[in-house]
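Heads up: the structure comes next, in structure tokens.
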Amino acid sequence: MRIELLERVRAELGRRTRYAPAAVSQYLAAAVADRVGTAAPAVVEAVRQTRGDHRAAALETLLRHAGTAARSELPGTLRNLQAAGCLPADRVSAGFAAPEYLERVVLLALERLLINAAAPPLLTAPPDQPQPLPAAASALWVAVCFDQPLAITHELYPLCTDAYVYGLEVRQQAAPELLGIHGSWLDGRGRILQAIHYDAGLDVFIEGTLPEPRRPQAALVIAHAPPDHAELGSRLDAAGIPYVNPARLSALADDKWTCWQRWRDQDVRTPVTELLPAATPAAAMETQSRLLLERTSPAPGGWFVQPRHGTEGRGVTWIAADEDCVPALLTAWRHLAESGDAILRPRVGLLGLAGDDGPLAWDLRINVCLDGQAHRATSACLLLAASRDNPVTSVEAGGQAAPTRWLQGRYLHDLLDPGAPPLPWSPAQLAQAARMAERAVSAIGPLTLAGVDLKFDQEGQGPCCSVLDVNPRPAGLLHANLLNEDTAGIGAPLWRTLSRLAGSVSAPGCS
């Protein structure tokens, strides 16, 4: 590790360097990122710029480069840290060479290479250096479960800060203490063996094995693929740990066809949806494609084809309303049929937001929490498409998240008719969308936390919103603002419900 790089990281960490040896992970991650960025800039750029299968292949190559660099940089980094007084000799352990530790360092290095840091740093301790938790005997210990650790602090940070603020408001009750955990960090009895916790005093995340296993009183599932959610849910159920959201209820929210049927029956405004069964004979697909496109016309903005059970924009294809729409639908349908049913629906959301190069497609994502027996919209953020040529807004497709205050003073522009007069955005539209989001979640069931994506079109003299999807594992929480005030947050109802869940079972803090 270069000495000037070491000094730069030490300045970044400041007082957080007191967490030796966990702080070594950030020094080593910086050394790995520096080496890979210099040796393989084309691979780094490929991961940044490409999407889908091509991005996955580039990322795999980048992981190999970073893994090699981590093993190579480790000895020199430890020597330099000792020479600089950053790592006492008695804190150098064999755990630094453990494969699971180096894997975590590699992900920290990738975050430095690929992601604009928007959360406090994460310091990962070697596995043979246990990290004690804060002494909070009366706390409500909540396991925040994830299956993808890359940049997970961007999701943990808003939850931790929101829970911290809630704890200040309920001083006479058990305040929530959050522990970020990967599913593999839970043992067969539902006890946490390793965790990420947030030190609010130093504004830093610390990851490490626990001195003794800790059983959470409740759990919150985020950042999980549906199959992994189901597997984790079975384990939590077997251990008697209540969690948000139950896998069976989440699977219902993941099913776009069933959601559409429920919303249609309960008058929730949503685009007409057609089922594209995977079992459709190949010979019948073309005929049915023509019939479905005719049935959902007129669709001046084209159509979207997407997996029936897809999440985060994966597998979504936009089909333009032109002479090639039937072949395009056939191609997308056949591709998705390899893994399951798909759906077709006309594109909505033809009122865009002005960007640097013209109006962009966007979603309003409203977070809805269950507060007692009623659903309440509590916070929201925006998802903006990467360019005016791409109507897909998901982060997977290059979209960007932004806080709702970005809407203040903005106008909505017709994406298909540049000459149409723009419509001003007003708080009334946000209130309308909040009520629609609450109805959409209530139609599915008692989800405790859900993110609802809405689009806006012109109807009469003003904008009108439509519900697209409900995500039972909402992401992008870092950008969420409370609806009733211009401050970051998720909403107190989430923590009240988790407290009720924890109080419904007998679950000791440690066992």
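The values are calculated or read from the model by the stated rules, or taken from the named source; none is laboratory data. Since this is a predicted model, take the numbers as computed values, not measurements. Cβ coordinates were reconstructed from backbone atoms using ideal geometry, including for glycine residues, and neighbour counts include every protein chain displayed. For the accessible areas, the whole protein counts, side chains as well, though only heavy atoms, and no ligand, DNA or RNA atoms are used. Shrake-Rupley method; radii C 1.70, N 1.55, O 1.52, S 1.80 Å.
Here are a few things to note about the model shown:
- Residue 411/residue 193 FRET efficiency (R0 60 Å; Cβ-Cβ; nearest 0.05): 0.70
- Mean Cβ count within 10 Å, highest first, over the residues of peptides 329-335, 87-93: 329-335, 87-93
- Value at 222 nm in deg cm²/dmol, rounded to 500, when DSSP H runs of n ≥ 4 in the chain each add -39,500 (n - 2.57): -12000 deg cm²/dmol
- Per residue, the average separation of C-alpha pairs within less than 8 Å and at least 6 apart gives the chain a relative contact order of 14 percent.
- Sulfur and carbon atoms: percent of accessible area, segment 44-136 [1.4 Å]: 54 percent
- The phi torsions of segment 297-303, fed into the Karplus equation with coefficients 6.51, -1.76 and 1.60 and a -60° offset, translate into couplings of 8, x, 9, x, x, x, 9 Hz, rounded to whole numbers, with Gly and Pro shown as x.
- Summing +1 for each Lys or Arg and -1 for each Asp or Glu among the other residues whose beta-carbon sits under 12 angstrom from that of residue 502 gives +2.
- Loop sites in segment 234-323: chymotrypsin sites (Phe, Trp or Tyr not before Pro), DSSP, at most 11 other Cβ within 10 Å: none
- Relative to the current alpha-carbon distance between residue 12 and residue 314, full extension at 0.36 nm per residue lengthens the span by 105.2 nm.
- Added length on full extension, which subtracts the Cα-Cα distance from 0.36 nm per residue, residue 231 to residue 267: 9.6 nm
- Nitroxide proxy distance, nm - points 7 Å out along Cα→Cβ at residue 203 and residue 89: 3.7 nm
- Computed accessible area, residue 267, all protein chains, 1.4 angstrom probe, square angstrom: 120 Å²
- Note, ³J(HN,Hα) from phi for segment 175-183, Karplus 6.51, -1.76, 1.60, rounded to Hz, x at Gly and Pro: 7, x, 10, 9, 10, x, 9, 7, x
- Under a 5 Å amide H cut-off, with hydrogens placed 1.01 Å from N, residue 342 pairs with 276, 278, 308 among residues at least 5 apart or on other chains.
- Amide H within-cut-off set for residue 177, under 5 Å, with H built and near neighbours excluded: 140, 141, 142
- Summarising the label geometry, the points placed 7 Å from Cα in the beta-carbon direction at residue 283 and residue 435 lie 5.3 nm from one another.
- The chain, accessible area per residue, ligands and nucleic acids excluded (1.4 Å, Å²): 43 Å²
- Of interest is the spacing of the C-alpha centroids, which for segment 60-134 and segment 225-282 amounts to 38 Å.
- Sequentially through segment 139-152, phi angles give Karplus couplings (6.51, -1.76, 1.60; θ = phi - 60°) of 5, 8, 7, 10, 8, 9, 9, 9, 10, 10, x, 4, 6, 5 Hz, Gly and Pro residues having no value and appearing as x.
- Counting heavy atoms of the protein chains alone, residue 254 has an accessible area of about 10 Å² for a 1.4 Å probe.
- Inter-part distance where segment 460-492 and segment 153-192 are each reduced to a Cα centre, Å: 22 Å
- Rounded percent of accessible protein surface that carbon and sulfur make up, segment 333-403, 1.4 Å probe: 43 percent
- Extension gain (nm, one decimal) between residue 400 and residue 257, 0.36 nm per residue minus Cα-Cα: 48.8 nm
- Percent carbon-and-sulfur accessible area, segment 417-511, ignoring ligands, DNA and RNA, probe 1.4 Å: 57 percent
- Residues residue 238 and residue 322, FRET efficiency given R0 of 41 Å [Cβ-Cβ distance, rounded to 0.05]: 0.20
- A simple spin-label model places the labels of residue 169 and residue 486 2.0 nm from each other, with each point 7 Å out along Cα-to-Cβ.
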